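Right, one structure below, let's go through it.
The values are calculated or read from the model by the stated rules, or taken from the named source; none is laboratory data. Note that the coordinates shown come from a computational prediction; the quantities given were computed from them, not determined experimentally. Neighbour counts are summed over all protein chains in view; Cβ atoms, including those assigned to glycine, are modelled from backbone coordinates with ideal geometry.
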Amino acid sequence: MLDMKLNRRGFMMTTASIAALPMLGAAPTNGFAASPKRGGLLRIGQLGGATSDTLDPATFAAGPVACAMYGGVYNSLVEIDADNNVVPELAESFEPSADAKTWVFKLRKGITFSDGKPFSAQDVIATFNYHKGDDSKSGGKELLSEIETIRADGTDTLLFQLKGGNADFPFVLADYHFSIMQAQEDGKVDWRSAIGTGGYILESFEPGIRIRLKRRDGYWKTDRAWFDEVELLTINDPVARQNALMSGEVDAIDRIDPKTAHMMQRAPNITLEEVVGLQHYTMPMFCDVKPFSDINVRLALKYAVDREEMVEKLLRGHGSVGNDHPIGAASRFYANGLPQRSYDPDKARFHLKKANAEGLSIELSAAEAAFTGAVDAAVLFQQSAAKAGIQVSVKREPDDGYWSNVWLTKPFCFSYWGGRVTEDWMFTQVYARGAKWNESHWNNDRFNSLLIEARSELDVAKRREMYTEMQVLCSEDGGSIIPMFANFLDARNDKVAHGKLASNLFFDGWKIVERWWPA
């Protein structure tokens with residue numbers, strides 16, 4: 001778009017090329033089976049479940065409930081494929097106006113919910129209104145703030161009118177919160193009913209323990225939903241998870257401990273699935289709470305992290321160092337010229353002195369529920385920070401309830417993100433002013449201004465400059481320490497198989513329930 005008139009055809013061609021984002025490096029796998037077949041039971045052992053889990057898509061964060069509902073019971077308007085392209089799902093097609101402010105989505109015909117009710121545009125409108133409403137507590141609410149209106153043109157056409165142009169808009173609608181629910185007579189949704197258009201029906205739900213699904217007859221995707229039944233178990237302890245796979249209690253597990261990955265590789269009938277994506281680990285600090293409200297304290301803590309040591313001892317080569325911003329090297333607008341921050345106790349002391357915070361003492365909350373190895377990471381940080389004169393008290397938190405009682409509640413803790421396919425998606429959901437999941441309470445006027453400008457900028461070169469500056473702002477001023485990017489490490493036994501693995505989230509983009517099949 002640099003030197004051509006922005007006519008409709010030119011925009012469509014350019015948008016198509018933008019959608020074809022670079023592959024995030026799915027590693028070779030021997031999980032392919034010549035011909036998928038139906039039948040059997042898929043048993044999954046997964047991290048992230050808690051007794052506080054609900055079936056409300058607005059609350060989905062991670063774990064079995066998200067995998068079961070987003071990837072099994074529901075469909076979305078669009079989805080991310082194995083090559084990180086955004087492709088139609090319940091939509092049949094989507095098309096922008098020349099300025100990317102209006103998007104027209106054609107919906108598939110003949111699709112029904114699991115109770116037999118036909119799917120229509122009203123279900124999509126009711127779903128998005130639920131997430132974007134004034135009283136919404138949805139983790140995806142901020143992503144929808146750019147939508148001015150949504151209206152139906154008949155039963156199978158939707159028009160999204162945006163406040164500004166956005167060439168990446170379809171990616172937003174692939175967020176896992178936006179599972180399409182059934183509209184009621186009053187135009188609202190009832191998430192408690194768990195009625196979706198997906199390939200499975202919810203049979204039972206025990207929060208933090210077990211979820212059972214059963215394949216529904218007549219699913220509109222004839223090449224998906226292969227298993228007769230699926231059971232998803234919450235197993236937060238990494239050792240217990242691996243033992244469950246080794247002993248045959250489950251068929252697949254997520255987030256292998258990198259320290260023991262080599263043992264999984266040697267185990268008979270077990271395959272380690274490693275995919276290079278955008279997953280990263282964070283240490284968010286509340287920027288509106290002392291002492292983290294002082295930028296010099298934040299910089300001191302960033303220089304007090306020995307990133308190389310963490311990658312070496314915790315990831316064992318299954319990842320790379322981070323630079324205190326959430327955009328990975330495989331991203332389209334990654335700032336590859338940004339100097340890498342390294343461990344420097346002297347610089348940490350310098351910034352502590354500027355903040356009048358010498359002898360700083362802080363508490364860091366950690367649990368394995370955050371990510372496998374989080375407690376060890378906390379101890380490593382405690383040791384490296386001590387050399388900079390910072391006393392870190394590590395508080396081991398319970399795994400159960402970590403995402404409701406610690407994350408977004410405690411001022412300094414560990415967190416993880418699977419990453420997002422576009423920069424705008426990641427920044428909007430986690431770093432924008434007022435975003436529900438702004439885990440560091442960061443509020444930078446320049447960043448927030450650039451976020452709006454970059455979203456509607458159709459000049460790719462200018463957009464790159466903006467996203468580069470935003471990464472610099474995150475690194476220099478932001479409230480999140482991001483010490484490392486980690487490859488996705490899942491594992492399976494030889495009773496299950498799959499096709500090409502997606503790299504936007506673990507477990508095949510959280511679509512394991514729909515995409516995998518009996519071997």
Pull out all pairs, ordered by first then second residue, where Cβ-Cβ is under 8 Å, the residues are six or more apart or on different chains, the first lies in the range 62-82 and is in contact (Cβ under 8 Å) with a residue 12 or more places away in the chain and of a type in the set (D, E, K, R), and the second is in a helix (DSSP H, G or I) and buried (at least 24 other Cβ atoms within 10 Å of the Cβ). Glu79/Gly509
Within the range 154-167, residues being in contact with a Ser or Thr (Cβ under 9 Å, 6 or more places away or on another chain) and either of a type in the set (Asp, Glu) or assigned to a strand (DSSP E or B) (or both) number 5
Please enumerate the residues belonging to the range 102-134 that are in a loop (DSSP other than H, G, I, E, B) and closer than 15 Å to Leu158 by Cβ. Arg108, Lys109, Ile111, Phe119, Ser120
Total residues in the range 382-424, condition polar (S, T, N, Q) and under 16 Å from Ser361 (Cβ atoms): 5
Return yes or no: is Lys117 over 30 Å from Gly165 (Cβ atoms) and in the same structural domain as Phe178 (by TED's automatic domain parsing)? yes
Got a sec? Which of Arg192, Arg151, Arg212 is on the phi < 0 side of the Ramachandran plot, surrounded by fewer than 23 Cβ atoms within 10 Å (Cβ to Cβ), assigned to a helix (DSSP H, G or I) and not hydrophobic (A, V, I, L, M, F, W, C)? Arg192
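Among the residues of the range 41-83, write down those that are assigned to a strand (DSSP E or B) and over 30 Å from Asp156 (Cβ atoms). Can you show your working first?
Start the filter on the range 41-83 by keeping residues that are assigned to a strand (DSSP E or B), which leaves 41-46, 78-80.
Result: Leu41, Leu42, Arg43, Ile44, Gly45, Gln46.
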What are the residues in the range 215-248 that are among the small types (Gly, Ala, Ser), out of contact with any Phe, Trp or Tyr (no Cβ under 7 Å at 6 or more places or on another chain) and either farther than 26 Å from Asp399 by Cα or in a loop (DSSP other than H, G, I, E, B) (or both), if any? Gly218, Ser247, Gly248
Requiring at least 3 residues that are over 30 Å from Asn166 (Cα atoms) and not assigned by TED's automatic domain parsing to the domain that holds Ala62, the helices (runs of 4 or more DSSP H) wholly within the range 387-463 are 402-405
Condition first: of a type in the set (Asp, Glu), surrounded by fewer than 21 Cβ atoms within 10 Å (Cβ to Cβ) and out of contact with any Leu (no Cβ under 8 Å at 6 or more places or on another chain). Now tell me which residues in the range 420-472 satisfy that. Asp445, Glu453, Glu465
Taking the stated definitions as given, is Ser384 touching a residue at least 24 places away in the same chain (Cβ under 8 Å) and surrounded by 17 or more Cβ atoms within 10 Å (Cβ to Cβ)? yes
